[in-house]
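Data block below; observations after.
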Amino acid sequence: MARGSAGESVLHKHLRILESFDAWHPFLTLTEIADATGLAPSSAHRLIAELEREGLLERQPDRTYRLGVRLWEFASRTPGAVGLREIARPWLGAVHERVRQHVQLGVRAGRDVLFIERMSAQDAVLNATLIGGRIPLFASSSGLVLAAYGDPSVVEDVILGGLRAYTDRTIVDPDELRREVRRVRADGYAVSAGHIHAESTGIAVPVTGPDGSVYAALGVVVPNDGASPQSLIDLLRRAAVGVSHDLAQAYLPDEGDGSRGIRSLVGSSRRSIEYLERLAHDPHDPPAPPRVS
């Protein structure tokens, strides 16, 4: 892998450029990208041109850039995010019908929880999450679940990165965080009352994958009104069992060729899937389209 003069790989510089975009900065100029990444304008220009050629960035008529749709294309192929999101969505919908607040699905991304799905009501309580947004593991109920079921080194790495106080309830003491993570692992759920905003309580449970490991955290954000969380914990656990069951079904080998999960992950009709599979085998000579009966 090629490396720059300071020992940083070219790939890492490309990633720094992509990471400079977020929900609040979806369009950036060359100068803004250079400022956000700390790259020299000439280097930023060269790297941006490479990303644009590959469809990972797109240039707009006003000379700003945005993330390219090819990134979405890549993401849509992984069962670790989009496939999981598709499988979990009906269960999130069922929880949302009962709670009428916020329901969300998160996976671990380094020291953060990355939210890949979220459903909200118009008048729901304040919530700091966005689809595609991140929150540090220590600060949210979903993050505490993911930290509790991860490798023990995850918690130490989170502590090394610093524990920022969002409110006076945020866990900022390393020993308290270690104790809380042990409690979450023992109890099988996390409750974070007022940890990110005083008005809100997060509650989350783990979602287990086919190999027995925790794939994600399924959670709700509700008013911090002192109510018992037990009924919501029970509701989330039932939904998490449903997601886990459907994940296991999705990862069963497909009939005939031993491939894994395409029918469940794509979420289409059997005839449509069979047509897509034939098309994939010979894209230059597509079969006749299925007849409509």
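The values are calculated or read from the model by the stated rules, or taken from the named source; none is laboratory data. A quick note: this is a predicted structure, and the numbers were derived from the prediction, not measured. A quick note on method: Cβ atoms are made from the backbone with ideal geometry, for glycine too, and the neighbour counts reach across all protein chains shown.
Yes or no, residue by residue, for (1) at pLDDT 95 or above; (2) loosely packed, with under 14 Cβ neighbours inside 10 Å; (3) under 29 Å from Ala217 (Cβ atoms); (4) not β-branched (Val, Ile, Thr):
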{"site": "Gly55", "(1), (2), (3), (4)": "no, yes, no, yes"}
{"site": "Arg59", "(1), (2), (3), (4)": "no, no, no, yes"}
{"site": "Asp62", "(1), (2), (3), (4)": "no, yes, no, yes"}
{"site": "Trp72", "(1), (2), (3), (4)": "no, yes, yes, yes"}
{"site": "Val82", "(1), (2), (3), (4)": "no, no, yes, no"}
{"site": "Ala88", "(1), (2), (3), (4)": "no, no, yes, yes"}
Output for the range 96-118, where each listed residue is at pLDDT below 95 and among the β-branched types (Val, Ile, Thr): Val99, Val107, Val113, Ile116
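Looking only at the range 192-217, which residues are closer than 28 Å to His245 by Cα and acidic (Asp, Glu)? Give the steps one after another, and end with the answer.
The initial filter retains those residues of the range 192-217 that are closer than 28 Å to His245 by Cα, namely 192, 201-217.
Selection gives Asp211 alone.
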Residues of the range 194-211 satisfying the condition of being touching a Pro at 6+ places or on another chain (Cβ under 9 Å) and charged (D, E, K, R): Glu199
Residue pairs meeting the criteria (Cβ under 9 Å; at least 6 apart or on separate chains; first more than 25 Å from Ile159 (Cβ to Cβ), in the range 103-120; second among the hydroxyl-bearing types (Ser, Thr, Tyr) and buried (at least 24 other Cβ atoms within 10 Å of the Cβ)): Leu105/Ser142
Tabulated pairs, the range 190-218, first within 14 Å of Glu180 (Cβ to Cβ) and assigned by TED's automatic domain parsing to the domain that holds Ala147, second part of a strand (DSSP E or B) and charged (D, E, K, R), C-beta under 9 angstrom, 6+ apart or interchain: none
Whichever residue in the range 121-161 is in contact (Cβ under 8 Å) with a residue 40 or more places away in the chain and in contact with an Asp or Glu (Cβ under 6 Å, 6 or more places away or on another chain) and, among such residues, is surrounded by the most Cβ atoms within 10 Å (Cβ to Cβ): Val125
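Out of the helices (runs of 4 or more DSSP H) lying entirely within the range 60-179, which hold 1 or more residues that are farther than 20 Å from Phe21 by Cβ and within 12 Å of the chain's Cα centre (by Cα)?
Details: elements: 69-75, 84-99, 141-148, 152-160.
Where helices (runs of 4 or more DSSP H) fall fully within the range 60-179 and carry at least 1 residues being farther than 20 Å from Phe21 by Cβ and within 12 Å of the chain's Cα centre (by Cα), they are 84-99, 141-148.
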Residue in the range 219-233 that is over 15 Å from Ala109 (Cα atoms), surrounded by fewer than 18 Cβ atoms within 10 Å (Cβ to Cβ) and among the hydrophobic types (A, V, I, L, M, F, W, C) present: yes
